[in-house]
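So the structure is just underneath, and the comments pick up after that.
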Amino acid sequence: MNRYFIYLGYNGKNYCGWQVQPNGMTVQQAIEDALSTVLRKPVPIVGAGRTDAGVHARMMVAHYDWEEPITDLVSLAERLNRLLAKDIAIYKIIPVMSQAHARFDAISRTYNYYITSEKDPFNYEWVYKIHNELDFSLMNKACRILYNYTDFTSFSKLHTDVKTNNCRVSFAGWKKKGNVWVFTITADRFLRNMVRAIVGTLLEVGRGKLSLEEFKKIIEAKDRCKAGMSVPGNALFLSDIKYPEELFKVK
């Protein structure tokens, strides 16, 4: 059996998230349908993670298996792109080790969240518009607090099926680009709704409604009800996924 990684991106506006579900079209379903059409056989894929409805990905990775080696992967990607809607793009398909796993072998994932206080007719679909001044210096101090913790239950959607709420955040911070502030966070894994809940709580810090000490206590409480509201998904982008180099050393 031969395993392949698919590198892709998508605008999540018109999809009910990544994972296949019975009540609406998802990105995973769209790609599986296209693969099955091209390869003339049902082809299930496994994604590096889940994104919720309306959330986007500049970089998502999924794997699939095929009995015979596929020699022209460039042509396969082109055929898939012709079948897929304009809001999903296949960047490349590459062979990987047979045991490589798009989800479990990822060593880091990076998300970006975009906010602005200015009205812009050209980017309103991709940013979260705020209506008050924020203290980004204080928010960046709160970001550094995240490095000291591993249990992020306070920022997790309730009643999920994960075995642990532990994650290791290796970077978190805000940076201004033009009239938009960009939040970047990198971790080994993320919980459901984690980034949107962290951003919502950081906004409370920036508004002066939470002190740094109170931000710490929210994390330590391990209680989702203590944290801030989740921000909308339309401004959230999965932007990068990293894997060990040995996965790509295919003979």
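Values computed for the structure shown
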read-out: Leading residue by the ranking (modelled with the highest pLDDT) among those in the range 174-202 that are among the small types (G, A, S) and outside any helix (DSSP H, G or I); value: A187
read-out: Counted residues, the range 10-25 - those being surrounded by fewer than 18 Cβ atoms within 10 Å (Cβ to Cβ) and either basic (K, R) or within 18 Å of F190 (Cβ to Cβ) (or both); value: 2
read-out: Tally, over the range 26-52, of residues that are surrounded by fewer than 20 Cβ atoms within 10 Å (Cβ to Cβ), closer than 11 Å to L84 by Cβ and of a type in the set (V, I, T); value: 2
read-out: Check on F171, at pLDDT 95 or above and assigned to a loop (DSSP other than H, G, I, E, B); value: no
read-out: Yes/no for I130 being modelled with pLDDT under 95 and surrounded by 15 or more Cβ atoms within 10 Å (Cβ to Cβ); value: yes
read-out: Complete set of residues in the range 166-185 that are within 20 Å of E220 (Cα to Cα) and basic (K, R); value: R168
read-out: Residue in the range 165-184 that is surrounded by fewer than 22 Cβ atoms within 10 Å (Cβ to Cβ), under 16 Å from V55 (Cα atoms), in contact (Cβ under 8 Å) with a residue 12 or more places away in the chain and of a type in the set (A, V, I, L, M) present; value: yes
read-out: Cβ-Cβ under 9 Å pairs, at least 6 apart or on other chains, the range 65-79 side more than 16 Å from A89 (Cβ to Cβ) and modelled with pLDDT of 95 or more, far side small (G, A, S) and not in a helix (DSSP H, G or I); value: D65/S98
read-out: Sole residue being touching a strand residue (DSSP E or B) at 6+ places or on another chain (Cβ under 7 Å) and closer than 20 Å to S230 by Cα, chosen from A172, A142; value: A172
read-out: Of all residues making up the range 203-225, the number that are within 23 Å of the chain's Cα centre (by Cα) and either in a loop (DSSP other than H, G, I, E, B) or at positive phi (or both); value: 2
read-out: Any chance A57 is small (G, A, S), closer than 24 Å to V195 by Cα, touching a residue at least 60 places away in the same chain (Cβ under 8 Å) and buried (at least 18 other Cβ atoms within 10 Å of the Cβ); value: yes
read-out: Conditions (1) of a type in the set (D, E, K, R); (2) under 25 Å from K242 (Cβ atoms); (3) modelled with pLDDT under 95; (4) loosely packed, with under 14 Cβ neighbours inside 10 Å: number failed by K92; value: (3)
read-out: Residue within the range 96-119 that is surrounded by 13 or more Cβ atoms within 10 Å (Cβ to Cβ), more than 21 Å from the chain's Cα centre (by Cα), over 16 Å from G47 (Cβ atoms) and at pLDDT 95 or above present; value: yes
read-out: In the range 133-143, the residues that are more than 15 Å from N179 (Cα to Cα) and either modelled with pLDDT under 95 or exposed (fewer than 13 other Cβ atoms within 10 Å of the Cβ) (or both); value: S137
read-out: Members of the range 185-220 found to be closer than 29 Å to Y124 by Cβ and surrounded by fewer than 16 Cβ atoms within 10 Å (Cβ to Cβ), listed by number; value: G208, K209
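So that you can scan it fast, the table gives a plain yes or no per residue for (1) free of Cβ contacts under 8 Å to residues at least 60 places away in the same chain; (2) touching an Asp or Glu at 6+ places or on another chain (Cβ under 7 Å); (3) within 29 Å of V162 (Cα to Cα):
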| site | (1), (2), (3) |
| --- | --- |
| N11 | no, yes, yes |
| N14 | no, yes, yes |
| M25 | yes, no, yes |
| G49 | no, no, yes |
| A53 | no, no, yes |
| A100 | no, no, yes |
| S108 | no, yes, yes |
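The values are calculated or read from the model by the stated rules, or taken from the named source; none is laboratory data. Just so it is clear, the structure is predicted and the values come from calculations on it, not from any experiment. Every residue, glycine among them, receives a Cβ derived from its backbone with ideal geometry; neighbour counts consider all protein chains shown.
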